[in-house]
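Structure record follows, encoded as structure tokens.
The values are calculated or read from the model by the stated rules, or taken from the named source; none is laboratory data. On a predicted model such as this, the values are computed, not experimentally measured, just so you know. Note: ideal-geometry Cβ built from the backbone for every residue, glycine included; neighbour counts use all protein chains shown.
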Amino acid sequence: MVMIIGLIAYISWKEYGQTTVLPVKEASLLADKPAEEPSATPVSGQSMVPSYKAFVVRVPEEVEFAGEVISLKEPDLRERLDKELHVNANWHSNTILLIKKANRWLPQIAEILKKNGIPEDFKYIPAIESGFEEGARSPKDAIGFWQLLEGTAKDYGLEVAKGVDERYDPIKSTEAACQYLKEAYKKFGSWANVAASYNIGMRGFERRLEEQKVDSYFDMLINDETSRYMFRIMAVKMILENPETFGFYIPKDQLYYQPDFKIVKVSETIDDLVAFAHQHDITYKTLKRYNPWLRDDKLKVKKYIYEIRIPQDPAEQKVFAKSE
């Protein structure tokens, strides 16, 4: 019996528990791509999908974030990135969905960042803050892609009211986040410090720098969440920039896309958003899906002009066709 159990365990390990070591090029930030894709296993209703493998990633000697080179020679820094790389490279369900959603949102976020003079690498903050979920809400009631608190959102020009909460709007919340990032850069002069301060707040981050008599996040002793924060960003950046390097082979038609929109400008109160949706040949559910900032079944208009997105192809088939 013991021999039989041992044989079963060995076969299971050979089939499902193999570990692939991903080396790192001497002058590269990323692990080399495996010579071959993972072995394939038939799945009912599909052709072939890669079988499970656990990837071991060699941490590079340095990484780059927003144009700043970060040395990883210090063991503490290497191990913090090592942890986040392995968590995300081997947390397959989460990372697969993150890659799919990133295809929908990263180009739009990058465009807004560029317009505001913010380095493109900051587009990975919503990936770790909310997983690109518009409805994400923290225990402290931070909401949306950028996990904005109500007071912070209002400080940066977003409307937060009973029927409208623009923290749920990925585009407007990104514009608001840009204001924070620019303000923080004037204070800290380092984009890495700016990114870390996003997690703990400018005042809290500045206070800890002063208390510990350092000027860099990487020299700071800080709480576990903020300690992991920058390394989570860098790990997600590495994986999303080169998913196949980390064993994620996702066909283009399995990625998520944004449909084409018609923008309807609204300057008068809408008493019935269900009726409004049907007037534009979509369902109420579809209206709320693409306009999550609408928090009620009506829209009271006082002094603002609102822009409502009406998808022209809710099934998104047009966009799939464009990607082929």
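Descriptive notes on the structure:
- Scanning segment 94-114 for residues that are out of contact with any Gly (no Cβ under 8 Å at 6 or more places or on another chain) and either in contact (Cβ under 8 Å) with a residue 60 or more places away in the chain or not in a helix (DSSP H, G or I) (or both) yields a total of 13.
- From the options K115, K101, K140, residue that is in the same structural domain as K237 (by TED's automatic domain parsing), modelled with pLDDT under 95 and among the basic types (K, R): K140
- Unique residue being crowded, with 17+ Cβ neighbours inside 10 Å and either among the acidic types (D, E) or in contact with a His (Cβ under 8 Å, 6 or more places away or on another chain) (or both) when the list is E129, E111: E129
- Taken as a whole, the structure places L294 among residues that are more than 30 Å from A192 (Cα to Cα) and touching a Lys or Arg at 6+ places or on another chain (Cβ under 7 Å).
- Within segment 123-133, the presence of a residue that is in a strand (DSSP E or B), at pLDDT 95 or above, β-branched (V, I, T) and out of contact with any Phe, Trp or Tyr (no Cβ under 7 Å at 6 or more places or on another chain) is excluded.
- Per-region count, segment 151-184, residues in a helix (DSSP H, G or I) and within 21 Å of the chain's Cα centre (by Cα): 19
- Considered as a group, the residues in segment 199-254 that are in contact (Cβ under 8 Å) with a residue 60 or more places away in the chain, assigned to a helix (DSSP H, G or I) and aliphatic (A, V, I, L, M) include one that is farthest from K100 (Cα to Cα), and that residue is M230.
- Enumeration of residues in segment 63-93 that are touching a residue at least 12 places away in the same chain (Cβ under 8 Å), more than 21 Å from F122 (Cβ to Cβ) and either touching a Cys at 6+ places or on another chain (Cβ under 7 Å) or of a type in the set (S, T, N, Q) (or both): N90
- P60 passes every criterion in (1) assigned to a loop (DSSP other than H, G, I, E, B); (2) in contact with a helix residue (DSSP H, G or I) (Cβ under 8 Å, 6 or more places away or on another chain); (3) not β-branched (V, I, T) apart from (2).
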